[in-house]
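Worksheet: one structure, shown below.
The values are calculated or read from the model by the stated rules, or taken from the named source; none is laboratory data. Remember, predicted model here, so these are calculated numbers, not experimental data. Note: ideal-geometry Cβ built from the backbone for every residue, glycine included; neighbour counts use all protein chains shown.
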Amino acid sequence: MSGSVGESRSSRRRTAAKSPRYDRSITVFSPEGRVFQVDYARNSVKLEGITSVAVRGADSVCVITQRTKAPADPLLDTADPPFMHLFQITERLGMLATGMPGHDDTLPFYLSTSVLLTGIFVTEADGRALAQQARNEAAGFRYKWGYEMPPKMLAQWLGDRAQVRTQHDGMRPYRVVATVVGIDEEKGTPELFTCDPAGQVLGHKATSVGLEDQEAIEFLEEAMAGNSSLSFQETMEMAVSALRHVLEDNNQGHDIEVGVVRKNYPTFRTVLRRIYKNPLAGQNILDGEGQ
């Protein structure tokens with residue numbers, strides 16, 4: 001009896017050892033042609049339970065996201081920077097990370113650029129690490145070439161970094177979806193791109209990332225049909241309306257972070273606001289103090 005039990009256990013171990021585990025390594029494709037670790041990274045973007053929306057207008061771009069609340073820890077130093085998803089890359093360049101938040105405790109680093117970035121965070125804050133790398137890259141580009149890094153080039157650089165992390169053991173994909181937005185100085189037009197954990201870079205008129213992103217995208221598709229040339233005010237209202245569409249209705253409201261960049265005022269600005277499922281009359285999302 002004991003011999004048969006031992007043989008059965010040994011047989012199961014041999015079978016398990018021979019069974020393919022395509023999700024164990026970032027370098028192994030499944031028979032369906034998928035890299036499961038990349039799929040897991042994409043899915044983890046939704047785990048924080050927040051939604052981000054970005055809308056490109058005729059002369060501006062607006063990005064908004066729900067704000068993550070700080071842990072209810074009585075020993076937490078409230079003087080420390082709060083959990084944020086928007087990072088300032090330069091004076092006119094920022095980054096939004098949709099996912100797990102991070103602290104932006106790095107010193108401000110300013111350059112004269114006209115790009116804004118949005119995207120996701122993890123563990124020692126993937127978003128914060130990616131923001132610091134983007135700061136260094138933007139500064140190096142400016143120093144080497146003497147002009148501002150175009151939005152598309154920055155998005156491609158982020159995509160290249162993300163793609164490299166899908167083909168080496170000992171590394172994992174960024175748990176970040178970066179949405180790059182800004183004003184292209186040569187063409188004078190607003191641009192909007194996303195970069196996912198696989199390194200895929202796409203251009204958009206509007207998009208959403210995170211929880212309920214498909215519902216927000218469907219709202220944007222219907223609302224923007226045949227009307228993509230939005231004014232600055234309409235661009236902000238469209239982004240806020242799409243986010244309201246997927247928010248739960250409660251009496252407390254929802255804290256959000258807002259980032260905007262305009263052709264005529266290309267400095268990247270951010271504000272913190274509270275919105276409600278049902279809009280308040282006369283509420284201007286940019287009224288008040290910037291953060």
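Key figures
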read-out: Residue 243 being at pLDDT 90 or above, more than 14 Å from the chain's Cα centre (by Cα) and farther than 14 Å from residue 61 by Cβ; value: yes
read-out: Close pairs from the stretch 85-108: first of a type in the set (Ser, Thr, Tyr), partner assigned to a loop (DSSP other than H, G, I, E, B) and at pLDDT below 75, Cβ under 8 Å, at least 6 apart; value: 90/109; 90/110; 90/111; 90/112; 90/113; 98/120
read-out: Output for the stretch 225-243, where each listed residue is part of a helix (DSSP H, G or I) and either touching a strand residue (DSSP E or B) at 6+ places or on another chain (Cβ under 6 Å) or surrounded by fewer than 21 Cβ atoms within 10 Å (Cβ to Cβ) (or both); value: 232, 233, 234, 235, 236, 237, 238, 239, 241, 242, 243
read-out: Residue list for the stretch 167-224, filter: in a helix (DSSP H, G or I) and touching a helix residue (DSSP H, G or I) at 6+ places or on another chain (Cβ under 7 Å); value: 215, 216, 219, 220, 223
read-out: Which numbered condition residue 266 fails, given (1) at pLDDT 90 or above; (2) crowded, with 19+ Cβ neighbours inside 10 Å; (3) not aromatic (Phe, Trp, Tyr); value: (1)
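Table: residues versus (1) over 26 Å from residue 59 (Cα atoms); (2) under 15 Å from the mean Cα position of the chain (by Cα).
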residue	(1), (2)
143	yes, no
164	yes, no
175	yes, yes
188	no, no
195	no, yes
208	no, yes
213	no, yes
221	no, no
